[in-house]
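> Before I ask anything, let me first share the structure, which is written out below as structure tokens.
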Amino acid sequence: MTDLTKLTLSEARDGLVAKDFSATELTQAHLKAIEAGNDDLNIYVLPTPDVALAQAKASDDRISKGTAGVLEGVPLGIKDLFCTRGVRTTACSKILDDFKPTYESTVTQNLWDAGAVMLGKLNNDEFAMGSSNENSAFGPVVNPWRRKGSQDKLVPGGSSGGSAAAVAAGLCLAATATDTGGSIRQPASLTGTVGVKPTYGRCSRYGIVAFASSLDQAGPITKTVRDGALMLKVIAGHDPKDSTSVDVAVPDYEAGLQEGVKGLRVGVPKEYRIDGMAEEVASLWEQGIAWLKDAGAIIHEISLPHTKYALPAYYIIAPAEASSNLARYDGVRYGLRVPGKDLIDTYEETRAAGFGAEVKRRVLIGTYVLSAGYYDAYYLKAQKVRTLIKGDFDAAWNTVDVVLTPTTPTPAFAFGEKSGDPVQMYLEDIFTVTVNMAGLPGLSVPAGLSGEGTPLGLQLIGKPFDEATLLRAGQTIENAAGRFPIPERWWV
Ligand code: GLN
């Protein structure tokens, strides 16, 4: 039989419908791959084989009865930021310890309602803060891709490093992820996978451990654009449990995928041609422009003049919201408790022991910029910058339908290469944070290999709630680039 872990989500769906294999066989193949690869790659922080096999059996029953859902029997990985009822959820922080939620996130519930199977919980940067997955309490994830002729370990990007690496390595068919400033798109770019960050409000945030509530969005990481379309359709939609989720119709994204980009107006923002962009990234961007043009799109140079303020403003707003959201981890309500001599001391001891260095840095920055003397100078100013960034995009939509940029300024980097200098690490997010600041949908599609033989992605940015056009343009790039290669399996 073919290697079932090499199938895409849509191929697996079709194979299950055609009864080429059972959900149990498909799940077993992935559980075997996890067993073989997880020691080397550190992708799953909690495999859940018992849950997976029980769900797969139920799927096989529904398939034989003819009552299959749209994702019936497909095995997925779940970022450990999504609450899963009765299954340990830690956000990869020591502070949540052995926390087992008594409720299920809406996004994962939607997946189970469609028949999907959970293989386990995936590694990520602690509380989704990071761009390399080196900030996890469970240790870093290893990128399945390596540089040509080298055995050095590379980071998979972050914070959804486990999700992206799992999909790239065939340790699940697709994965859930979250994106506050790039955490779906950046790891997708560094692992040769497709990442969709939907419009703010498209997917419910209910039951997702909060980082920065005005920026956080859930989305899929998949092997192909089609798989992203398929999964987004299932997870998107209005949810009364999240007052920021928006009640707009969710189209059938898969249906329009091959319609092409004839006449589509594509914006290329001049401010994204930054100093220090790797030469290969710049030439891939040119290649992407040429592909879309050849397919009939009309290319416009555009200006997004406030781009240079996006990163500093993001690193004020995101920590401010994080410092407030993380106040709940006090040693009383959740997980870890380190008893002190009184209540205040218990708070302090618990938070000192439970949070990692980057999370502490964010809480300190966030508390500082929200404090009475600095609120206007930093926080309020950053919010004004955010409005200006949104205004840049609003103006751009008068002349273009989508915007094309690189996803990341560099390909995957080595362990330790940037972790010693937070500013270097924050610069990874330079092309992705604007999208969250403006609440827009963004997609990263693998488009080529670096000179070192590692993946590089292109980013498409769309109008609010226009994920359909984004996916259609992404499909055009994928068609032109060809089915992306899978990394050589050195870990088995
Ligand atoms: N790398 C960014 C940060 O550390 C974005 C993370 C994310 O999108 N969750 O804040």
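> Would you mind working out the magnitude of the charge dipole of segment 14-91 relative to its Cα centre, with +1 at each Lys and Arg C-beta and -1 at each Asp and Glu C-beta, to the nearest 20 Debye?
Working: 8 positive and 11 negative charges, 68 e Å.
Charge dipole, segment 14-91, about its Cα centre: 320 debye, nearest 20.
> Which one of Thr387, Ala114, Gly335 has its Cα pushed farthest toward the positive end of the charge dipole of the chain, where Lys and Arg give +1 and Asp and Glu give -1 at the Cβ?
Thr387
> Let me ask something else about it. Note down the magnitude of the dipole of the chain about its Cα centre, charges +1 on Lys and Arg C-beta and -1 on Asp and Glu C-beta and zero elsewhere, to the nearest 20 debye.
Approximately 340 debye in magnitude.
> Classify segment 375-465 from the C-alpha gyration tensor, please: rounded if a/c falls under 1.5, else prolate or oblate depending on whether a/b exceeds b/c. Display every interim value, and only then the final one.
Numbers: a/c = 3.54, a/b = 1.25, b/c = 2.84.
Oblate shape, in that a/c is at least 1.5 and b/c is the bigger or equal ratio.
> Related question: Using a cut-off of 21 Å between alpha-carbon atoms, which lysines can reach Lys390, once sequence neighbours fewer than 8 places away in the same chain are excluded?
Within reach: Lys197, Lys270, Lys308, Lys381, Lys463.
> Lys and Arg at +1, Asp and Glu at -1: add these up for the other residues within a Cβ distance under 13 Å of Ala18 and post the number.
Values: positive: Arg13, Lys19; negative: Glu11, Asp14, Asp20, Glu72.
Net charge around Ala18: -2.
> For Thr199, what residues show an amide H to amide H distance below 5 Å, using hydrogens built from the backbone and excluding near sequence neighbours?
Amide H to amide H, under 5 Å and 5 or more residues apart or across chains, Thr199 pairs with Phe465.
> Something else now. Find out how many positive minus negative residues lie around Gly356, taking Lys and Arg as positive, Asp and Glu as negative, among other residues whose Cβ is under 13 Å from that of Gly356. Each step should come with its number before you reach the end.
Numbers: positive: Lys94, Arg351, Lys360, Arg361, Arg362; negative: Asp125, Glu126, Glu134, Glu358.
Neighbour charge sum, excluding Gly356 itself: +1.
> Now a separate question. ³J(HN,Hα) across segment 328-342 via Karplus (A = 6.51, B = -1.76, C = 1.60, θ = phi - 60°), whole Hz, x for Gly/Pro?
Rounded to whole hertz, the list is 5, 7, 10, x, 10, 8, 10, x, 5, 9, 10, x, x, 6, 8.
> So for each of 154-160, 317-323 I average, over its residues, the number of other beta carbons within 10 Å; can you give me the resulting order with the highest mean first? Mind showing how you got there, number by number?
Working: 154-160: 31.9, 317-323: 24.1.
Averaged packing, sorted descending, gives the order 154-160, 317-323.
> Which of Gly442, Thr408, Phe484 sits farthest toward the positive end of the charge dipole of the chain, with +1 on the Cβ of Lys and Arg and -1 on the Cβ of Asp and Glu?
The one lying farthest along the dipole's positive direction is Gly442.
> Something else about it: Given Leu173, Pro240, Val281, which one lies farthest toward the positive end of the charge dipole of the chain, if we put +1 on the Cβ of every Lys and Arg and -1 on the Cβ of every Asp and Glu?
Value computed over the given set: Pro240.
> Just to confirm a number: summing +1 for Lys and Arg and -1 for Asp and Glu over residues other than Gly451 whose beta-carbon lies under 13 angstrom from that of Gly451, what do you get?
Values: positive: Arg147, Lys148; negative: Glu279, Glu280, Glu452.
Charge balance near Gly451 sits at -1.
> While we're on this one: Going by a ≥ b ≥ c, the root eigenvalues of the Cα gyration tensor, does the chain fall in the rounded group (a/c under 1.5), the prolate group (a/b larger than b/c) or the oblate group? Please report the intermediate quantities before stating the final value.
Values: a/c = 1.42, a/b = 1.03, b/c = 1.37.
Taking the square roots of the gyration eigenvalues as a ≥ b ≥ c, the chain is rounded.
> Then there's this: Highest mean first, what order results for 83-95, 337-349 on Cβ atoms within 10 Å?
Values: 83-95: 22.7, 337-349: 13.4.
Sorting 83-95, 337-349 by mean packing, highest first, produces 83-95, 337-349.
> Enumerate the amide H contacts of Gly340 below 5 Å, restricted to partners 5 or more residues apart or on another chain; note that Pro and chain-start residues carry no placed amide H.
Thr346
> Here is a follow-up. Using +1 on the beta carbon of Lys and Arg, -1 on that of Asp and Glu, and nothing else charged, what's the dipole of segment 306-387 about the Cα centre, debye to 20?
On the way: 12 positive and 8 negative charges, 73 e Å.
Here the size comes out at about 360 debye.
> If a/c stays under 1.5 just call it rounded; otherwise compare a/b with b/c (prolate if a/b is bigger, oblate if not). Do that for segment 225-320, with a ≥ b ≥ c from the square roots of the Cα gyration tensor eigenvalues.
Values: a/c = 2.30, a/b = 1.15, b/c = 2.00.
Verdict is oblate for segment 225-320.
Computed from the coordinates by the stated procedures, all read-outs in this text should not be read as laboratory data. Everything numeric in this text was worked out from a predicted model, so none of it was measured. Ideal geometry is used to build each Cβ from the backbone, glycine not excepted, and the neighbour counts take in all protein chains shown.
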